[in-house]
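The values are calculated or read from the model by the stated rules, or taken from the named source; none is laboratory data. Just so you know, these numbers come straight off a predicted model, no measurement behind them. Heavy atoms of the whole protein, side chains included, go into the accessibility calculation; ligands, DNA and RNA do not. Shrake-Rupley method; radii C 1.70, N 1.55, O 1.52, S 1.80 Å.
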Amino acid sequence: NSWTPYRTPGTWPDCDMLQLGKLSRRGPVGDERESNFTEDEQRTHFTLWSIAQSPLMFGGDLRISNQFTLSLISNPEVIAINQNASEARQLFRKDDIVVWVSAMNEGRITNVAIFNLGDQTKTVLFNFADIGLRGSHEVRDVWQMKSLGKIRNKYERQINPHNCILLQIN
């Protein structure tokens, strides 16, 4: 978020490599090991890099990555957000909940990433009015690659600790 004021078209924050998969294989530091992130933390890690439009530099050994890691880094909808969105910014941070947004298709789609940074599962209520929308809108869960249908005014869901959700509101 600290880099947001310096963003201009053609620039991006460089959050460094994604710490996913098997790490330090002949690397500069430490013994070879799996990422210390839980699956929820790996999803959060990849989501933040994607919505912030940081380069997606994979830090693990792709040849021996597990199925979960491969499913993260090959989700075409998440990659499309990273590659095609604009105006990425943190919308707000309240206690352990952080919300980032970006736009796609000339503003017709709003990407919304909601992060639970806390150590407890939280029920999160996201009001569409926070992004200037009213009424019913088509909502898509990007990680699950499925439509949630038309939702009116707000979206509510539980988020595990250190996890996130990634939505597209059309």
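See the values below:
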read-out	value
For the range 40-147, accessible area per residue (1.4 Å probe, heavy atoms of protein chains only), Å²	48 Å²
Antiparallel DSSP beta bridges within the chain, as percent of all bridges there, nearest 5	95 percent
Within the accessible area of the range 1-132 (1.4 Å probe), percent carbon and sulfur	49 percent
Whole-Hz ³J(HN,Hα) from phi, Karplus 6.51 cos²θ - 1.76 cosθ + 1.60, for the range 125-141, glycine and proline x	10, 10, 8, 4, 4, 4, 10, x, 10, 10, x, 8, 9, 6, 10, 10, 8
